[in-house]
Amino acid sequence: MVKHVLFCKLDEYSEENAKALVDVFMSMKGNVPCAREVFAAADFLRSGRSYDVMLEVTLDSKEALEEYQKDEYHVNVVKKYVHARVHQSATVDYEY
């Protein structure tokens with residue numbers, strides 16, 4: 001199994017913008033077949049070192065992660081939305 005974890009800082013933070021990004025991430029459920037599980041949430045602490053929103057995607061394998069990165073819905077809907085509204089991100093991909 002592989003976890004893909006993404007942390008995002010919004011260009012313009014508001015609770016509404018954070019919720020909208022969470023909703024876009026969660027829209028991958030059922031729209032990205034290779035994603036076994038999708039979970040997204042907004043940070044509530046808002047400390048100086050916090051990111052605004054996190055995404056966690058569970059996939060079956062490294063090959064499924066490669067498929068996820070090329071998935072039409074992920075690329076044309078989710079990534080486009082993220083790139084238009086996020087100024088900084090960090091990611092971790094790991095096997096377990």
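Pulled fully out, how much extra length does the chain show between Lys79 and Met26, if you take 0.36 nm times their separation in residues and subtract their Cα-Cα distance? Can you show the working numbers first?
Working: separation 53, 0.36 × 53 = 19.08 nm, distance 1.29 nm.
My answer for the length gained is 17.8 nm.
Evaluated with a Cβ-only charge set (Lys, Arg +1; Asp, Glu -1), the stretch 1-56 carries a dipole of roughly 280 debye about its Cα centre, given to the nearest 20. Sequence-ordered 3J(HN,Hα) estimates for the stretch 60-77 from the Karplus curve with 6.51, -1.76 and 1.60 and θ = phi - 60° stand at 6, 6, 4, 5, 5, 5, 4, 5, 4, 5, 9, 4, 4, 5, 4, 6, 7, 10 Hz, glycine and proline given as x. For the chain, the longest principal axis of the C-alpha atoms and the axis of helix 15-26 are separated by about 0°.
Can you pull out the chymotrypsin sites (Phe, Trp or Tyr not before Pro) in the stretch 1-58 whose DSSP state is coil and whose Cβ has at most 10 other Cβ atoms within 10 Å?
Working: sites: Phe7, Tyr13, Phe25, Phe39, Phe44, Tyr51; in loops: Tyr13, Phe44, Tyr51.
When the chymotrypsin sites (Phe, Trp or Tyr not before Pro) of the stretch 1-58 are filtered for loop state and at most 10 Cβ neighbours within 10 Å, Phe44 remain.
Inter-label distance, Lys9 to Glu63: 3.8 nm, where each label sits 7 Å from its Cα along the C-beta direction.
Under a Gaussian network description of the chain, with springs only between Cα atoms under 10 Å, the residue in Ala40, Ala20, Ala84 that fluctuates furthest is Ala84.
How big is the shadow of the Cα convex hull of the chain, averaged over all directions, in nm²? Spell out each step's value before the answer.
Details: hull surface 23.1 nm².
In nm², the orientation-averaged hull projection of the chain is 5.8.
Under a Gaussian network description of the chain, with springs only between Cα atoms under 10 Å, the residue in Lys29, Lys80, Lys19 that fluctuates furthest is Lys80.
Within 10 Å of each candidate Cβ there may be at most 12 other Cβ atoms; applying that plus a DSSP loop requirement, which GluC sites (Glu not before Pro) in the stretch 1-68 survive?
Details: sites: Glu12, Glu15, Glu16, Glu37, Glu56, Glu63, Glu66, Glu67; in loops: Glu12.
Sparse-neighbourhood loop GluC sites (Glu not before Pro): Glu12.
Taken about its Cα centre, the chain carries a charge dipole of about 180 debye when Lys and Arg each add +1 at the Cβ and Asp and Glu each add -1 at the Cβ.
Our helix-only sum for the chain, with -39,500 (n - 2.57) per DSSP H run of n ≥ 4 divided by its residues, gives a mean residue ellipticity at 222 nm of -8000 deg cm²/dmol.
Read-outs throughout are calculated quantities, based only on the coordinates presented, and are distinct from any laboratory measurement. Keep in mind it's a predicted model, so treat the numbers as computed, not measured. Counting neighbours? That spans all protein chains shown, and the Cβs are built from the backbone with ideal geometry, glycine included.
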